[in-house]
Amino acid sequence: MEYLLTPNTFQERCDGADLTSGQPPVRPKQFETVMCGFSTGLNALPGSVIYPDSTGGFHCEGSGKLLSITSNRFLHWSTSGDTVQLVEQSLDTNLLNSAVKLKITHCPLLPGGVHIQETLNNVTLLIVTNQTVHRLVLPHPTCMYCSELVTELQMQSIFADVGKMSLQDPAQSGVIPSPVGQTVGPTASAAWLSHQGEAHYALASPAGVVTLPPHDTQAGWLDANCHQVKDVGDLALSLAVRELEDDTFILALCQYHKLRMWSYRDQACLMEADMLEYMPGHRLRLAFSSTGLCLAIYLAVPSRGQFTVLQLVATDNNCYSLDHISSLFETLVDFALTSTDIWGLWLDDTNQTVVKYINFEHSTAGQWNQVFVQPGPEEKVHIGADQDPRETYLDMLFSPLRFTASAIVKALQIYRRGTERITDLPWETLKKEVTVAVEKELQSSVTEFEFSQEEYRQLQVEFRSKFYACCLQYQEGLATPLGLLLNPHTHIVCVLKKGFVSFLVPCFAVEHLYLYFDEYLFSDRDVLVQCLRLVSDTVPGDMAYKMEKALEHLQSPERARAEMVLENLLANKNENVIEDIHNKLQDVHNPLAAMAVLIREMELETDSEPWLIYSTSQNLSQLYGSSVAVAVVCQAVCQMAMTRALFCRDLLILQQLYLRLGDNVSSSTHTRRQKYKRITLGLTPTKTNLEVEREEFLLRLTGAEDEAAAAPRLQYHNKVLRLLEDVGLPELVIHLATLAITEAVNDPRSQAALWTRIFKHHLDLGHNSQAYEALTQNPDSSSQLDCLRQLVVVLCERSQLQDLVQFSYVNLHDEVDTHTHHRARAVDLMSHNYYELLYAFHINRHNYREAGRVMFEYGMRLGREVRTQLGLQKQRPAASPKRNYDGEFTTGPVSGQIDILELKDLQKEYALARSRLAQHHPPSAAIAGSASAVEMVSLLVQSGLFDCALSLCQTFKLSLTSVFKGLAFQVTGSVRAESTAWSDLNLYAYLSLTMHEVSVPNVLYTRCTSLPMFMMSLSATAPLVWLPYTSIDQLLQSLTETQNNARKLQDKLNDYHKLVDQTTRRRLQAQ
C-alpha cells in the first residue's frame, strides 16, 4: 500500500541517533573498515587533482510499500579522499552492522563516484576512483528474510557480510586504461548494469566507457571497446545514464556548454544541444514524469545560477530533441529533481544551510517554498552572576537540538589526549567525563593553590568556554551540508551532511506563522505575528535565559520576567524597534481577537492536517519503530514545544507593551514623525552652536553617542545624514556632508568619515570622477586605501576600465598595483578581467616591463587553470624586457628573487600555448592545460598533429623518436583500415626522410608490416631502389605552402640526386 507526506512547509530534524535528544546511550556509528588494494603496485598519480567531499543516497523501488522489508529503508554514502563510508538506515526497524567504510588505497573517489542499482536479488554498488572501478554485489533486503513484512524489532543490514567479500577479485575491479603520460584521472562518471549483468562505467576521460563482466562469471577485466562512445568523456562536467526500452542513453554536460546524448547500443551521438541558449551550465539530473523523461540542468554563472527543465522528445529517424519546460534562477550546493519539483540546497553568506523547493511547472513567478532549517548552537553562553558556570555550560552542551554526540565525543577525545576511543557511554557518564576532562585541564594550567571565589569562577568560565568552542567547531564541521536525498515513493526528503543525516518534516500552522516572516501580509493576525518576530529578535540572550529559568522555578511569568524584559528593551536604546512595533500595531484593528486566534492555533487538537494517509485497519505497530524514527519524532515534539514557548513569551511581552502604551500608540507615533520631518527639512546648517545646544529635540536626537565630536553641530549633521541614508536620498547626503566638512576643519577623524561618505554615494550614483576626487581629499590614509580598493572592485565589475586606467593616482600608484594584483590572483580568470586592467594600467604609464610581467603571469595561469578553447586562445605569453621604454636598464631596490625571462624562453612558452590550442578538441584536451612539453608532444602525436609535434620538439630540443613512432603507427593503421598498402602518400614520403631512425622499421616490424623497398636501402648490401617521387613532390608542394621545412626536404632530395648520379657513373664505368 502506498502512503505519502502532504506538507506545504517543512522543518529540519537531525538524525536522532546521534543528536543529544535525551536518549540514554551514546553510540557513534561504528564503521567496519574494508581495505581494497591492487597487487599490480598501483601508486598515487603524481600531482593528481584533490576531489571535494561528496555524498549521495539510494532507496529501493519497494520503499513506499507499507510495512514491507524495504519500507522507509535507504542507503546513504559519503566520500573523502580514498575512503567511502556507507550507511543503511530504516525508520521502521533497527538495522545491525549497518555501517561500512571502504578504503581504496592511493585512489581518491570521484565526486558522486558511487552509483547504486538494484536487481531482483541484489543491490550492486558501482564505485569509480581516479584510477580504478569497482563493483560490490550485496544481497537484496527482500532476499535476506522469508517474510515479506517487518515482524522483528531489529534486522541485519545488507552490509553485514561485507568483510567476508573479496574486493580484489579481478572480475569485481580493474584499472582504468589511460594514455601514456596522462596524470589526471576522470572528472565525472556515471554507471549502470546491463540486462546481461555487465557493469558499465561512463567516464569523463579518454577511456570513454569501460565494462566489467557479469559478477557471477570468472572472466577477467573487459574493455567495452566503444570507440565511438569514447567522446562521451570529452571535457564532460557531469554525466547521467538512463535505460529506455532496449537502449541505454548516456547524457554528458560538457565544458563547452554542450549537452550530448549518446546511444550505447548504436554507439552514436543522437543529440547535441547548446546550453548557451539558456546559460552556461554545470550539473545534470534525470527523472520520469507522466509525459516521459525530464532533464534538469543546473547552469552556473558568477553572479547567479539557473535551473533549466527540459523534456526529451523522440523525432523521426531514431533521433531526439528537447522541449523547454521552464527556467529558474538561483545558486546552490546541490539539487534534486522529481517529476514536478526541484529541491535546492544552498549555503548563504553566513555559511548557514538554506533549503527550498519549487514546482517548476506552475511557479512562473519563481516563488520558492521555504524550509526552516535547524539553527546551530549559540556561539556565546550567557552566564548570570548567580549561575554556576559548570552547570550552565553542561546545560548548553546536553540540551536538545544543539550538539551531536559525535561533536562532544570528538572534543572530549582532544582533551583526553589519548588513543583510546570513547564508545557506549550513557549520557550521565558522558557529562561526568566532560566535567573531569575540563577540571584536569584547569588544574594542570594553574600554578597557584589558593584562589578567591571570584577568581575560581573566572577560571571555570574561561576553560569551559574553550571546551564549548571546541565542541562548536566540531559541530559546525559535522553540519556542513553536502547533498540531498529524495525518495519519490515515500516523499521523504533528507539533507546529507558531513557528520549526520537530517530529515525534513511538515510544519504545524503556528510554527509556519512564527518562523516565516512576510512583511507584505496585512491581516490582523499576520501583523501581530510580525510584531512578535520583532520582539523575539530584540530580546537579549541573557534576559531570555533568565526568563526561562524563572519559569523553571514556577514563578509567575508576568510579574517575574515579562515586565523586566520590557523595561530592558525600553532602556537599552531600542527606540527604532519600539517605533516599528508602534507603527505596525496601529494597523491591527482588533488586537484581542487576533491574539485569541493565535492562542487557538497553538492548541494541537485544532491542527488537523494529516501527516500520513493510511488505512486504520492495518497493524501499524512497526511503522516508525526504529530508534532513528523515534528520535526524530522526539525532536519534532521538542521543537514544537520550544516554538510554542517562545511564541507565548513574545506574546506576553507584547501584551505588556500594549498595556504600557494604551491610547498613546497613535499619538506618540504621529509626534515622532513630525519631529523627524523637522530635521529632514532643515538641511542647511544656519543655526548657531548655541541654538543647536538649546534645541530640545536635537539634544535628544544627538544624545551622548558622539562625545568625541568637536561640536554639537557635527553631531546634528551626523544624525541627519544617517536619516537621509535610511530613507534613500544620496544626493542630499552628498550635499549635507559637503557642508558639514566646513564644520570639521580641526577634526581630521570627522573629515575622514565625511569624505568617505561622499565617496561612497558618488560611487553608488556612478559619479566616478567625483568619487575619485573625494578619495584623494580624504586625510586618513587607512580610509583612503579602503575607498581605493572599493573603487577598483566596483569599476572593474561595471567594466568601466577606461576611468580606472586614466585616473592619476597621485601617491597611490603602488597601492593600486598591489591591490589589483591580489584581486587578479584571487578571482576566476574567465569571469573577471583584472589582468587586462593591470596591463592597460602599466601601458598607460609606459611601464612596459610590468605590463609584460603581468601578461606573462596571466598566460601561465590560463595554461594551468582554464583548459578550454577560449582559455587557450587567451593564453599569449608576453615578452618581458629587461629595459624600460627609453631603452635604459631599470634601477632601484629589488625585493625578493626575480627571474629574468629572455626572448627564447617566451618563444618556448608561446610554442607550447599554440600546441595546446591546436590540440583543444580531442578528449585528451582535459589534461592538455597543465601538460609539459614532453607530454604535449605525446598528445599531439595521438591527435595526428605531426607537424605541430615536430615543431615543438625542435623548439624544446627534444628527441624526435616518439613522433616517428607515432607516424609509423598511423601508416600501419591506414594499411589495416583501408586494406590498400601505403595509401597515404604524404605519410609515405614523410617516412622516406626518416631512414636514419631505427624506431621506424622496428615499429613496422612489430605491426607485422613489410618495409617498402626504399627503406630496405638502409642496408649496405641491399640493392639500390628508387624513391617514390610522386609522394615527395606532393609533400614538397604542401611544405612550400605551409612552412619553411621545404628547404630541408629539397636538400635531402639534392643529396639523393648526387648519390644517383655517382652510382650511375660507377655502373657505366664498370660496363
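The values are calculated or read from the model by the stated rules, or taken from the named source; none is laboratory data. Model, not experiment: these values are computed from the prediction. Cβ: placed from backbone, ideal geometry, glycine included. Neighbour counts: every protein chain shown. SASA here: full protein model, heavy atoms, side chains in, ligands and nucleic acids out. Shrake-Rupley method; radii C 1.70, N 1.55, O 1.52, S 1.80 Å.
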- [ ] Tally the residues that are open to solvent by 30 Å² or more (accessible area, probe 1.4 Å), among the hydrophobic types (A, V, I, L, M, F, W, C) and part of a helix (DSSP H, G or I), restricting the search to the stretch 729-764.
- [x] 4
- [ ] Among the candidates SER452, SER444, SER406, single out the residue that is within 24 Å of ALA479 (Cβ to Cβ) and among the hydroxyl-bearing types (Ser, Thr, Tyr).
- [x] SER406
- [ ] List the strands (runs of 3 or more DSSP E) that sit entirely inside the stretch 473-531 and contain at least 1 residues that are open to solvent by 30 Å² or more (accessible area, probe 1.4 Å) and in contact with a strand residue (DSSP E or B) (Cβ under 6 Å, 6 or more places away or on another chain).
- [x] 481-487
- [ ] Could you check TYR278 against (1) at pLDDT below 85; (2) under 20 Å from the mean Cα position of the chain (by Cα); (3) of a type in the set (Ser, Thr, Tyr) and say which number it fails?
- [x] (2)
Open item on the list: Among the listed residues ASP246, ASP266, ASP316, identify the single one that is surrounded by fewer than 19 Cβ atoms within 10 Å (Cβ to Cβ) and modelled with pLDDT under 80.
Closed with: ASP316
Open item on the list: Going by what's in this entry, would ILE116 be described as in a strand (DSSP E or B), under 30 Å from ALA629 (Cα atoms), open to solvent by 30 Å² or more (accessible area, probe 1.4 Å) and of a type outside the set (Asp, Glu)?
Closed with: yes
- [ ] Please determine, by comparing only the residues of the stretch 944-957 that are under 11 Å from LYS908 (Cβ atoms) and not polar (S, T, N, Q), which one is least open to solvent (accessible area, probe 1.4 Å).
- [x] LEU952
Task: Selected residue [closer than 26 Å to ARG260 by Cα, open to solvent by 10 Å² or more (accessible area, probe 1.4 Å) and either of a type outside the set (Lys, Arg) or in contact (Cβ under 8 Å) with a residue 24 or more places away in the chain (or both)] from PRO206, PRO170 - done: PRO206
Open item on the list: Return the pair list, or none, for Cβ contacts closer than 9 Å from residues in the stretch 229-244 that are closer than 14 Å to LEU110 by Cβ to residues that are open to solvent by less than 20 Å² (accessible area, probe 1.4 Å) and at pLDDT below 55, at least 6 apart or on different chains.
Closed with: LEU237/GLY281; SER238/GLY281; LEU239/VAL232; LEU239/GLY233
Task: PHE249, sole failed condition from (1) in a helix (DSSP H, G or I); (2) within 18 Å of ALA190 (Cβ to Cβ) - done: (1)
Task: Residue under evaluation SER799, criteria (1) part of a helix (DSSP H, G or I); (2) closer than 21 Å to THR820 by Cα, criterion not met - done: (1)
Task: Which numbered condition VAL794 fails, given (1) among the β-branched types (Val, Ile, Thr); (2) modelled with pLDDT under 85; (3) in a helix (DSSP H, G or I) - done: (2)
TODO: Hey, can you tell me all the residues within the stretch 119-140 that are assigned to a loop (DSSP other than H, G, I, E, B) and closer than 20 Å to SER157 by Cα?
DONE: THR119, LEU120, ASN121, HIS140
Open item on the list: For the stretch 816-848, give me the residue count where each residue is open to solvent by 70 Å² or more (accessible area, probe 1.4 Å) and farther than 21 Å from ARG861 by Cα.
Closed with: 2
Open item on the list: What's the number of the only condition in (1) under 35 Å from the mean Cα position of the chain (by Cα); (2) under 20 Å from ASP817 (Cβ atoms) that SER781 fails to meet?
Closed with: (1)
Open item on the list: Among the residues of the stretch 395-407, are any among the acidic types (Asp, Glu) and touching a residue at least 40 places away in the same chain (Cβ under 8 Å)?
Closed with: no
